[in-house]
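Peer 1: A single structure is presented below for examination.
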Amino acid sequence: MSTSSAPPVWARTTFILAATGSAVGLGNIWKFPFITGEYGGAAFVLVYLACILAIGLPVFVAEVLIGRHTRKNPIGAIEQVARESGAPKAMNVIGLMGVLAGVLILSFYSMIAGWSLDYMLEMAKGTFDGISQADSEARFGNFIGDFDKVMLWHTVFMVISVSIIAAGVIKGLEKSLNIMMPMLVGILLLLVGYSMFSTGHFMEGVNYLFAFNPEAVTREALVKAMGHAFFTLSLGMGAIMTYGAYMPNENSITKTAFVVVCMDTAIALLAGMAIFPIVFAGGGEAAAGPGLMFIALPQAFGSMPGGAVWGTLFFLMVAFAALSSAISLVEPGVSWLTQKTGTSRKVVATGFGVVVWLLGILSVASFSHWSDVKFLAGTFFDNLDYLTSNIMLPLGGILVSIFVGWFVAKPILEEQLPELSPKAMSCWLFFVRVVAPVAIVLAVFVPLVMGFFE
Ligand code: TRP
């Protein structure tokens, strides 16, 4: 079943880079600012922080420990732990659903990452210099409707992602993350500096993110915050579990998890602090929706001196963020098939890449040839986004927390979390057993089911 070579283990700091790289992605830079805008700024941020701490952090620890205990891919890992703990075999669906979710998410994630690559190039060419809001909007509409062009960028992005995965856990993932992550953080800090000193709207942006408005905390905001907590921490599909398998034994899982969660949150907030002042300086609206990053922001850059350079840097940062997340979306499936069949990583990675690329056509065409094909949640793209973020990830999250909280044998937990005192262990277990599943059911599935009857 498995190959003979021992599973690779990363250097001490790589897991933090990898998990942060997975966590920080389009979710932080593209989605978080605009949903914060849509749901009333600071009120939403607070609910989101609560979800991250009460649900995200405990489930994150649960995923890592399964991975590190077994040093296997998510499917093999859950199989083994279920066997060792006498848990029902049905728990295997967690791993399978995770691999599937990764493929589905990457298919549309790659398209949006591809949009960023195009924007990086167009920024550098000065396409947005002095452009009006209306022209920026029209440009975005024309671009996403240009099937061939978007397919080209989707292809470029997939080729880069697959090349990294194919090069291996150490030579591909570890090496590229060592370059991408410092660049990402460096560019972000530069952009926050730019936003602080050159826009003249910095405090406006900060106030927008942090000014509290309790009326804005609606039930819908709650659902969004919870769903986003899962998405942004890459939970619910085995990505973090897969990376856990490469984490050295001397790392403390809880401490590392805390660092990653803080980094992810800090980067989302810093991205907001970079983006909002720039958008305000360009005369744009904060609650601009998904077009915030592709319409209001480029127009704002185009209205400022040196904006072309800063805008290019911005979209380069987005590309790094997307790439370091993309690799975590296919690594679970790739590690599973290489371990299970013994086939070479290059072949498996290419195979996965082709499947994701083909599926991606559905999303790309959702904005052009098939923009009129609508069912359930909307276009193919809308359905993929909805199915993965609103159903598969929360479901994966519930199953992982129930599995780890209720079924996994205590000695496994104690072996992996030696840093926890008995009290701290009980506290963590309470969150994994009760708080996380109940909160997910209340926030995600109850509204979902009620939505059917409305
Ligand atoms: N967390 C990433 C983001 O915020 C997306 C992502 C990467 C992801 N890997 C994942 C989401 C696994 C869910 C599951 O953009």
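The values are calculated or read from the model by the stated rules, or taken from the named source; none is laboratory data. None of the values given here were measured: they were computed from a predicted structure. Cβ coordinates were reconstructed from backbone atoms using ideal geometry, including for glycine residues, and neighbour counts include every protein chain displayed. For the accessible areas, the whole protein counts, side chains as well, though only heavy atoms, and no ligand, DNA or RNA atoms are used. Shrake-Rupley method; radii C 1.70, N 1.55, O 1.52, S 1.80 Å.
Peer 1: Report whether or not Val81 is within 16 Å of the ligand (Cβ to nearest atom) and touching a residue at least 40 places away in the same chain (Cβ under 8 Å).
Peer 2: no
Peer 1: Give segment 84-113 a look and list any residue that's touching an Asp or Glu at 6+ places or on another chain (Cβ under 7 Å) and more than 16 Å from the ligand (Cβ to nearest atom), or say none.
Peer 2: Asn92
Peer 1: Another question, if that's okay. Whether any residue in segment 9-25 is assigned to a helix (DSSP H, G or I), more than 16 Å from the ligand (Cβ to nearest atom) and over 19 Å from Gly342 (Cα atoms) is what I want to check.
Peer 2: For segment 9-25, residues assigned to a helix (DSSP H, G or I), more than 16 Å from the ligand (Cβ to nearest atom) and over 19 Å from Gly342 (Cα atoms): present.
Peer 1: I've got another one for you. Of the conditions (1) charged (D, E, K, R); (2) within 16 Å of the ligand (Cβ to nearest atom); (3) farther than 17 Å from Ile105 by Cβ, Glu331 fails just one. Which one is it?
Peer 2: Among (1) charged (D, E, K, R); (2) within 16 Å of the ligand (Cβ to nearest atom); (3) farther than 17 Å from Ile105 by Cβ, Glu331 violates only (3).
Peer 1: Need pairs with beta-carbon distance below 8 Å; first residue without any contact (Cβ under 8 Å) to a residue 40 or more places away in the chain and within segment 222-242, second within 8 Å of the ligand (Cβ to nearest atom) and part of a helix (DSSP H, G or I); sequence gap 6+ or separate chains.
Peer 2: No pair meets every condition.
Peer 1: Another question, if that's okay. How about segment 362-383: which of its residues are in contact (Cβ under 8 Å) with a residue 24 or more places away in the chain, out of contact with any Phe, Trp or Tyr (no Cβ under 9 Å at 6 or more places or on another chain) and closer than 27 Å to Val24 by Cβ?
Peer 2: none
Peer 1: For segment 325-338, state whether one or more residues are of a type in the set (Val, Ile, Thr) and either open to solvent by 30 Å² or more (accessible area, probe 1.4 Å) or in contact with a His (Cβ under 9 Å, 6 or more places away or on another chain) (or both).
Peer 2: no
Peer 1: Test Leu184 against the criterion of being in a helix (DSSP H, G or I), surrounded by 17 or more Cβ atoms within 10 Å (Cβ to Cβ) and within 16 Å of the ligand (Cβ to nearest atom), and give yes or no.
Peer 2: Judged against the criteria, Leu184 is a match.
Peer 1: Now for a separate question. For segment 388-444, how many residues meet the condition of being among the polar types (S, T, N, Q), farther than 30 Å from Leu376 by Cβ and in contact (Cβ under 8 Å) with a residue 40 or more places away in the chain?
Peer 2: 1
Peer 1: Out of everything in segment 231-281 that is open to solvent by 30 Å² or more (accessible area, probe 1.4 Å) and within 13 Å of the ligand (Cβ to nearest atom), what residue ends up being nearest to Gly95 (Cα to Cα)?
Peer 2: Looking at residues that are open to solvent by 30 Å² or more (accessible area, probe 1.4 Å) and within 13 Å of the ligand (Cβ to nearest atom), I get Phe231.
Peer 1: Which residue is surrounded by the fewest Cβ atoms within 10 Å (Cβ to Cβ), if the candidates are limited to segment 140-159 and must be of a type in the set (D, E, K, R) and either in contact (Cβ under 8 Å) with a residue 24 or more places away in the chain or closer than 20 Å to Ala321 by Cβ (or both)?
Peer 2: By that ranking, first place goes to Asp146.
Peer 1: Quickly run through segment 287-312 and pick out the residues that are aliphatic (A, V, I, L, M) and open to solvent by less than 10 Å² (accessible area, probe 1.4 Å).
Peer 2: Answer for segment 287-312, where residues must be aliphatic (A, V, I, L, M) and open to solvent by less than 10 Å² (accessible area, probe 1.4 Å): Leu292, Met293, Ala296, Leu297, Ala300.
Peer 1: Within segment 212-224, can one find any residue that is within 16 Å of the ligand (Cβ to nearest atom), modelled with pLDDT of 85 or more and under 19 Å from Ala23 (Cβ atoms)?
Peer 2: No: zero hits.
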